[in-house]
Amino acid sequence: METRKKLLSDEDFPESLEGIYRIQGRDFVDAGIISSEVKKSLQGKGIPESIIRRIAVITFEAEINIISYAEQGTIQLFIEPDAIIIEANDIGPGIEDIDLALQEGYSTADDSIRELGFGAGMGLSNIKKFSDIFELTSDVGQGTRLKSIVKLNG
Amino acid sequence: MNLETLIETLGLKCKCCWEKLKTTEVRGGYAGDLLSDVMANSSAGEIWITRQVHQNIVAVASLKDLAGIVIVQGASPEKDTIERASKEGVPIMVTDMAKFEVVGKVYRLLSEG
């Protein structure tokens, strides 16, 4: 509940907030729809295609993580003058060992997730790789917060 | 090389987005069944060769601006996959060839220019 309350405070709605998207856990049918929305909302604003594709990877992986592991979550998109910021917050089991979760190849995905071609243990490391600044915090049993910043000026 | 030439040369069967074949330029290829691998390592304009058939592949191709998806080994894309691909404008092709053979042929074709 703490996460939800925090999302609704004024502090979390600065002028640069471009969109806030809700994601339901286990809804693999709609996977990728939020990332497409985010991509579309970045187009036509003079943002380089290469930056948009990096954001697309980050958002997709964040979206898939929420769908795969959390009960529900949100992705927020901020467009700052010098950077694009993606924040993903979820209510879910959280991550016990963040360093381990960031290791490429480590995954807690079950077979149903793997059959779809997900759960290869690349999601978080992809997000880190495509971000200029990457922050991941988690409270076990409550949820996970991810912040990814991509700078516009390289 | 445009997608139409590639499809004809390799004898692939197109399942949707016929109107885009002539204007879609294929700049390379990427093969893989792990979506995060394709997300991270494919480049815009590449043709994606995979055995996955569910609709999440359309999101990956669309987000990465890939030229299209070739589904190998006689696998049939799910109905939802074709619907979503038509909506998002992602050409999907199928073939009975195995992935290794498709990759080899696409590679040779693109190297020859």
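Read-outs: derived from the displayed coordinates by stated rules, not from any lab. Just so we're clear, the structure is a prediction, and the values are computed from it rather than from any experiment. All Cβ positions, even for glycine, are placed from backbone atoms using ideal geometry, and neighbour counts span all protein chains on display.
Computed from point charges on the beta carbon alone (+1 for Lys and Arg, -1 for Asp and Glu), the dipole magnitude for the stretch A:2-151 about its Cα centre is near 420 Debye.
Ordering B:ASP80, A:ASP110 by the number of other Cβ atoms within 10 Å of each residue's own Cβ, fewest first, gives A:ASP110, B:ASP80. Cross-link partners of A:LYS129 among lysines, defined as those whose alpha carbon lies under 25 angstrom from its own and excluding same-chain residues fewer than eight positions apart: A:LYS39, A:LYS40, A:LYS45, A:LYS147, A:LYS151, B:LYS64. Phi angles across the stretch B:61-69 convert, under the Karplus curve 6.51 cos²θ - 1.76 cosθ + 1.60 with θ = phi - 60°, into 3J(HN,Hα) values of 4, 5, 5, 9, 6, 6, 6, x, 10 Hz, Gly and Pro given as x. Sort the stretch B:3-112 into rounded, prolate or oblate with this rule: let a ≥ b ≥ c be the square roots of the eigenvalues of the Cα gyration tensor; rounded if a/c is under 1.5, and if a/c is not under 1.5, prolate when a/b is larger than b/c, oblate otherwise. Note, shape of the stretch B:3-112 comes out rounded. Normalise the Debye intensity by I(0) for the protein assembly as shown, one equal point scatterer per Cα, no solvent, then take log10 at q = 0.07, 0.13 Å⁻¹ and round to two decimals. With one equal scatterer per Cα and no solvent, log10 I(q)/I(0) is -0.25, -0.84. Using Cβ point charges alone (K and R +1, D and E -1), the dipole size of the protein assembly as shown about the Cα centre works out to roughly 820 debye. The trypsin sites (Lys or Arg not before Pro) of the stretch B:5-113 meeting both criteria, a DSSP state outside H, G, I, E and B (loop) and at most 12 other C-beta atoms within 10 angstrom of the site's C-beta, are B:LYS22. Across the stretch B:30-79, Cα-Cα pairs farther apart than 13 Å form 48% of the total. Return the whole-Å distance between the Cα centroid of the stretch A:133-154 and the Cα centroid of the stretch B:31-67. Between the Cα centre of the stretch A:133-154 and that of the stretch B:31-67, the gap is 25 Å.
Loop-located trypsin sites (Lys or Arg not before Pro) in the stretch A:26-128 (DSSP state other than H, G, I, E, B) with a sparse environment of at most 16 neighbouring Cβ atoms within 10 Å: A:ARG26, A:LYS45. When Rg and the Kirkwood Rh are both derived from Cα coordinates, the Rg/Rh ratio for the stretch A:2-151 amounts to 0.94.
Using 0.36 nm per residue and subtracting the Cα-Cα separation, the extra length available between A:VAL29 and A:LYS151 on full extension is 40.8 nm. List the longest stretch of chain A that has no exposed loop site; here a site is one of the GluC sites (Glu not before Pro) assigned by DSSP to anything other than H, G, I, E or B, with at most 11 other Cβ within 10 Å. Formally, the longest exposed-site-free interval is A:16-95.
Relative contact order (percent) for chain B, with alpha-carbon contacts under 8 angstrom and 6 or more residues of separation?
On the way: 227 pairs, mean separation 34.2, N = 113.
Contact order relative to length: 30 percent.
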